[in-house]
Each structure stands twice: as structure tokens, then as C-alpha cells.
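The values are calculated or read from the model by the stated rules, or taken from the named source; none is laboratory data. Because the structure is predicted, anything quoted here is derived from the model rather than measured. Cβ atoms come from the backbone with ideal geometry, glycine included; neighbour counts cover every protein chain shown. Side chains are part of the model used for accessible areas, which takes the heavy atoms of the whole protein and leaves out ligands, DNA and RNA. Shrake-Rupley method; radii C 1.70, N 1.55, O 1.52, S 1.80 Å.
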Amino acid sequence: MDARALEQLLYYESGLLGVSEISNDMRTLIASYDPRAQEAIELFVYRAGREIGSLASALGGLDAVIFTGGIGEHSAAIRAKVCRQAAWLGLELDDSANAATATRIFKT
């Protein structure tokens, strides 16, 4: 592969699209009943939870978990799944606040 083909593969054909072979858009995957879409979602959630755990370990704990970007801002379902993965950290999701996309979605 030349540099341009590799760039195309990494930036446009990998990640959610590479796993699902359907789309790189989480909204499309959430709406799909295709098992490949569900696999891509579960892999994304697993990886997010793994990275939160890695950061918590490296930093000796966390003061906050912040969701950003399109998925972080617009997907209560994905935020809930990620929080369930990280529940061992003591994160308690406020389901109503999460559904309303509140600024603070964790119980205090």
C-alpha cells in the first residue's frame, strides 16, 4: 500500500466500519439489528471501558469521566454501556440525567 491507500484504510475503513462492515456512524449501528453492528458497539464499549480503567490505574484514581464528541454528546445508550463497564470504579449513573443529556450524569 502506498501512503494514500494506508491513510484511506486507517482513517475511513477501520474502526466501527471495519468491524461492522456497515457504517462508521454509531447512530446507524445502534439502529441496526445486524449482529455485526452489535459486535462493533460492544467492542467500542469494551475498549472505552478498558481505557478508563487504564487511566484510573495510571493516575491512581479519577476525579471525573467526561464524554465528548458526537457519541459522548448524543448517545445516552452508549454512555450508559460505558458506565456499566466502569462500574467497578464506583460510577453510579443517574439514568434520568443521562437520558436528558445533562451536564452531570453521575450520582453524587
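Structure data summary
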item	result
Total residues in segment 1-41, condition out of contact with any helix residue (DSSP H, G or I) (no Cβ under 7 Å at 6 or more places or on another chain) and in a helix (DSSP H, G or I)	18
Every residue from segment 1-17 that is open to solvent by 40 Å² or more (accessible area, probe 1.4 Å) and closer than 19 Å to ILE71 by Cα	TYR11, TYR12, GLU13, SER14, GLY15, LEU17
Residue match in segment 42-53 (condition: surrounded by 13 or more Cβ atoms within 10 Å (Cβ to Cβ) and assigned to a loop (DSSP other than H, G, I, E, B))	no
Condition check for VAL65: part of a loop (DSSP other than H, G, I, E, B) and closer than 28 Å to ASN24 by Cβ	yes
Filter result for ALA64 (hydrophobic (A, V, I, L, M, F, W, C) and exposed (fewer than 13 other Cβ atoms within 10 Å of the Cβ))	yes
Cβ pairs under 8 Å, 6+ apart, first in segment 21-35 and open to solvent by 40 Å² or more (accessible area, probe 1.4 Å), second modelled with pLDDT under 95 and in a loop (DSSP other than H, G, I, E, B)	ARG27/SER75; ILE30/SER75
Every residue from segment 81-108 that is assigned to a helix (DSSP H, G or I), farther than 16 Å from GLY53 by Cα and open to solvent by less than 50 Å² (accessible area, probe 1.4 Å)	ALA97, ASN98
